[in-house]
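Note sheet for the following structure.
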Amino acid sequence: MRTPDRPLPSRAAILLVLGAATWVPSRYGVMTTWDGTWLGLDYAGWNRAVLVPLALLAAGAVMAARDAPARAATVGWSVVATGFGLSWFGVVTEFVVGGGLRGGSRDLAVAGWTTYLVGTAVTAVGALVLAAVLAGRDRATAAAAGLAAVTILAWVPLLAVGLDGLAVVDQLLVGPAWAAVGLLGRSRSPAAPLPATA
């Protein structure tokens, strides 16, 4: 007797979910510690912690690009990976090399912040490409990618108009959006079939 194959999450999905899970506390820490600490870390410490989810999300996007069944999806995932990579480099520049705006080089802080913002925009563009590519055949994943793009883009305008509380909520939604993209995606690794028995 043979049991049916059970779909397993792809390596990309696992990395995206891990990135999402670490994104939520890291970004909450960044968004709420400008004048204090949370769980023993200050603003600079939480920014350094964001390097973990950014690396995981970038790696997940690279894996997804390798596994994508269509060229357009490969392009979208490659753009997403590039965006997360740029954001990672921006955080390193500002908070690891430069020490942060408060205690380090202002020039490096500005360069790092600018690079982070460019990475954010690039990631959003990649997410929009994925949403467009998947809209015709995988609406759930397309919607998750669209949500990821919107939440990534929304936080700076929310901060600019003084809606800090909504900006925090927005940043917390980025993680689950990418987890949904990973888990809803149709690219799965099938489990190895069991041998037939009499």
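Computed quantities for the displayed model
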| item | result |
| --- | --- |
| Residue check for residue 36: out of contact with any strand residue (DSSP E or B) (no Cβ under 7 Å at 6 or more places or on another chain), free of Cβ contacts under 8 Å to residues at least 40 places away in the same chain, assigned to a loop (DSSP other than H, G, I, E, B) and open to solvent by less than 80 Å² (accessible area, probe 1.4 Å) | yes |
| Scan of region 85-122 for residues that are within 28 Å of residue 35 (Cβ to Cβ) and touching a residue at least 40 places away in the same chain (Cβ under 8 Å), ordered by number | 91, 92, 94, 95, 96, 99, 100, 102, 103 |
| From the options 134, 159, residue that is in contact with a Ser or Thr (Cβ under 7 Å, 6 or more places away or on another chain), aliphatic (A, V, I, L, M) and open to solvent by 10 Å² or more (accessible area, probe 1.4 Å) | 134 |
| Any hit, region 43-52, residues being surrounded by 19 or more Cβ atoms within 10 Å (Cβ to Cβ), of a type in the set (S, T, N, Q) and over 17 Å from the mean Cα position of the chain (by Cα) | no |
| Verdict on residue 104 being open to solvent by less than 50 Å² (accessible area, probe 1.4 Å) and within 21 Å of residue 52 (Cα to Cα) | no |
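Condition check ((1) acidic (Asp, Glu); (2) modelled with pLDDT under 95) across all residues:
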{"residue": "1", "(1), (2)": "no, yes"}
{"residue": "29", "(1), (2)": "no, no"}
{"residue": "34", "(1), (2)": "no, yes"}
{"residue": "57", "(1), (2)": "no, no"}
{"residue": "60", "(1), (2)": "no, no"}
{"residue": "91", "(1), (2)": "no, no"}
{"residue": "97", "(1), (2)": "no, yes"}
{"residue": "101", "(1), (2)": "no, yes"}
{"residue": "107", "(1), (2)": "yes, yes"}
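The values are calculated or read from the model by the stated rules, or taken from the named source; none is laboratory data. Model, not experiment: these values are computed from the prediction. Note that each Cβ is placed from the backbone with ideal geometry, even for glycine, and that neighbours are counted across all protein chains shown. We work out accessible area using only protein heavy atoms, side chains counted, and drop any ligands, DNA or RNA first. Shrake-Rupley method; radii C 1.70, N 1.55, O 1.52, S 1.80 Å.
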